[in-house]
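Below you'll find the structure, written out as structure tokens, and then a few comments.
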Amino acid sequence: TTVEKVDVQMIRKAELGFRTDDVGNVLRNLDESLMLTTDNSIVEAQMVIQYRVSDPKAFVFSAKDPENVLRGATEVALRSIMGRTSLDNALTSRAIVEQDTYSFLIALLQTYNVGIDITEIKLQVVDPPEEVKDAFQDVTRALEEETTLVNTAKQYAAKEIPAAKGQVQVKIREAAAFHQKQI
């Protein structure tokens, strides 16, 4: 008979979309990290999951590799949430993506019963893939320029329209005065 001790106090870490080697180098895993958003854009997402063992019996006996189950469940949860999220929201609303992924992941892990409690999940990277990053930045710059031009036009309109309305009122009064003078 063998006994396998499981530390239930220790906070453990799993990585999705990348791996950190023993020396601290980060290695991208594109198979896990490339995801499709609801507007059919590709985004690269990497996540760190912190967890602890809540049920040692389930952790040891429910699955051959519970940490692999955790990584797979996290990938399913994150892909599902990204698939419901637009690219703009994925890039700007990380907290919402994390919260929705957390809720989805908790439900999955309860179904799988692998004895794991999630303590925290954190998106590390949410970016367009390297191959399209330059084009994406061009689009972002163009949108910023468009916003600047629209704001400049609104400022011009805010300055010129009242002046034009004032000139119209002056002309109307001059015309009324001329009319009265003629009568």
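The values are calculated or read from the model by the stated rules, or taken from the named source; none is laboratory data. Computed from a predicted structure; not experimentally measured. Note that we place each Cβ from the backbone using ideal geometry, even for glycine, and neighbour counts take in every protein chain shown. SASA here: full protein model, heavy atoms, side chains in, ligands and nucleic acids out. Shrake-Rupley method; radii C 1.70, N 1.55, O 1.52, S 1.80 Å.
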**Fill in**
Protection proxy (average C-beta count within 10 Å per residue), highest first, orders 131-144, 37-50 as 37-50, 131-144
**Cα-based reach from K122 at 25 Å (exclusive), listing lysines while leaving out same-chain residues under 8 positions away** = K13, K133
**Message:** Between A58 and L36, what is 0.36 nm times their sequence separation minus the Cα-Cα distance? Round to one decimal in nm.
**Reply:** 4.6 nm
**Complete:** With the 1.4 Å probe rolled over protein heavy atoms, the chain has an accessible area per residue in Å² of 67
**Item:** For N29, distant residues with modelled amide H under 5 Å away
**Value:** F18, R19
**Asked** ³J(HN,Hα) across region 175-183 via Karplus (A = 6.51, B = -1.76, C = 1.60, θ = phi - 60°), whole Hz, x for Gly/Pro?
**Response** 5, 5, 5, 4, 4, 4, 5, 5, 6
**Message:** Using the Cα centre of region 87-183 as the reference point, and only Cβ charges (+1 on K/R, -1 on D/E), how large is the resulting charge dipole? Debye, rounded to the nearest 20.
**Reply:** 1240
**Request:** Could you give me the percent of Cα pairs per 10 Å distance bin for region 30-183, shortest bin first, beginning at zero and ending with the bin that holds the maximum distance?
**Result:** 10, 26, 19, 13, 9, 8, 7, 5, 3, 1, 0
**Item:** Cβ crowding within 10 Å averaged over residues, with 81-91, 145-155 ranked highest first
**Value:** 81-91, 145-155
**Prompt:** Tell me, what HN-Hα J-couplings in whole Hz come from the Karplus equation 6.51 cos²θ - 1.76 cosθ + 1.60 at θ = phi - 60° for each residue of region 85-96, using x for Gly and Pro?
**Reply:** 10, 6, 4, 4, 5, 5, 7, 10, 10, 4, 4, 5
**Request:** Could you work out how far the C-alpha centroid of region 1-32 sits from that of region 57-101, in angstrom?
**Result:** 15
**Message:** So if the hydrodynamic radius of region 1-66 is defined as the Kirkwood radius over C-alpha pairs, what does Stokes-Einstein give as its diffusion coefficient at 10 °C and 1.306 mPa s, in µm² per second?
**Reply:** 109
**Prompt:** Dividing the Cα convex hull volume of region 128-182 by residue count, how many Å³ per residue is that?
**Reply:** 54
**Asked** Between T85 and residues 5 or more places away or on another chain, which pairs have amide H atoms under 5 Å apart, with H built 1.01 Å from N, and which residues are they?
**Response** T38
**Message:** Straight-line reach from K159: which lysines fall under 20 Å, measuring Cα to Cα and dropping same-chain residues less than 8 apart?
**Reply:** K171
**Asked** Counting only protein heavy atoms and using a 1.4 Å probe, what share of the accessible area of region 22-122 belongs to carbon plus sulfur, as a whole percent?
**Response** 48
**Request:** Please give the residues of region 33-75, grouped as numeric ranges, whose backbone N is less than 16 Å from a label point set 7 Å along the Cα-to-Cβ vector of V139.
**Result:** 35-45
